[in-house]
Amino acid sequence: MSRTAELPSLWSSAAALASGTALALGLAWAVTGLDGDGDSRPQASPGDVFSAPYAEEPLPHEVRLELPWRHLDVAVGVAQPRLPDIGGAPADVAPPEGGSFVRVDVTSPVDQVPFVGIRRPLATQVEVSVRADGVDHPLSDRPGSIRLDPETPWTTATGTRWVAVDGSPTDVKLVVTVDGEEQVVDTNGDVDLGRGAQLADLPAATALQDEPEIDCGRSRRADSSDLELEDYSRDAACTVTRVLRVLHVDGLGWAPRGREYVAVLLTLDRSVQIERTGDDSWRSTTTLAARLGDDEPLAGPIDVNELNAGTLAIQDPDDPQMFVFEVDEGASPDLEATLEVEAVPSDPFATGRETLRLAWHVEGGRLS
């Protein structure tokens, strides 16, 4: 007859603490009386996840997987009949009846790759599973689990885990799924990165700091209104501060095959004000817009500082605006940036509305 565990095991305590909870009995084990072998230890259920209470030697055949925002080093071991001993004594958790345990190592290098998102909270879903003889055992939604979502603190998200499985599987794999796209690792180090293979070519995020900004050149008027800019505003300059080519954008998912996303960050070097005309003064609002070739952006303008508010990212005094486009892989259409200045008379009893439009053209080859 099953009963509730009366004392937490060393393995269960470690698993509960690794998940960031205060639950000493975070795992729902089935606890039986003496079995046929005289084993009275709490018995794991298939799918239970355990953190080792001490450091272990790395598994062989470590391989690198690619998440859209960072690299990931992983390894998966063959099924074992029991958890490792603790101080020379058997582990205080028994395997499932007729079952075994599979070890998974997950670590993350410190270097990051460029990551584009269009809103908070971030939406990318990452699922980590052990696939044992074709049966998936999720590691992402259990106490002590491996959490790889972009918002998850990495200090508690990675490390070594043991997963309880049915039987003694001979075909064991680790599967990491990012928004529906799988990367699969075998115990011998064979790996199928799927679309993740293309993420390996992304530059390190720190390398982008050395890339020069792109001057949009002189603006031109693209309207027929009678409005004029104040002297200070007439030399307003547009700058492309960053161009990112990525296959995945948080909030949009993976680009269709044969396509990619291009994220363009634009800034203006000064505010734009309408000049007083005759007896009229004007109140104005400005909107920055962009097109890439004939395509409107899938997202944008997005205030990058607002997007990063509340994170460790440094606020940019130039107030960049981001636009995300979808193009054929490797294509470099020309960029058309426009600043629309919508003006209304300051007199609340006056009527009328005017729009002044400044435009910049940047050749696509400069964006590559």
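Things to note:
- Cleavage-rule hits, trypsin sites (Lys or Arg not before Pro), the stretch 164-227, DSSP coil, Cβ neighbours within 10 Å at most 11: 218
- When the solvent-accessible area of the stretch 80-124 is split by element, carbon and sulfur atoms take up 53 percent of it, the probe being 1.4 Å.
- For the stretch 48-65, 3J(HN,Hα) per residue [Karplus equation, 6.51 cos²θ - 1.76 cosθ + 1.60, θ = phi - 60°, Hz, x = Gly/Pro]: 4, 10, 10, 9, 5, x, 8, 5, 10, 4, x, 5, x, 6, 5, 10, 9, 9
- Carbon + sulfur, % of accessible area of the stretch 314-368 - ligands and nucleic acids excluded, 1.4 Å: 47 percent
- Surface exposure of the stretch 134-221, expressed per residue as accessible area with a 1.4 Å probe, stands at 50 Å².
The values are calculated or read from the model by the stated rules, or taken from the named source; none is laboratory data. Only a predicted model underlies this, so the values are computations on that prediction, with no experimental measurement involved. Every residue, glycine among them, receives a Cβ derived from its backbone with ideal geometry; neighbour counts consider all protein chains shown. These area figures cover heavy atoms from the full protein model, side chains too; ligands, DNA and RNA do not enter into them. Shrake-Rupley method; radii C 1.70, N 1.55, O 1.52, S 1.80 Å.
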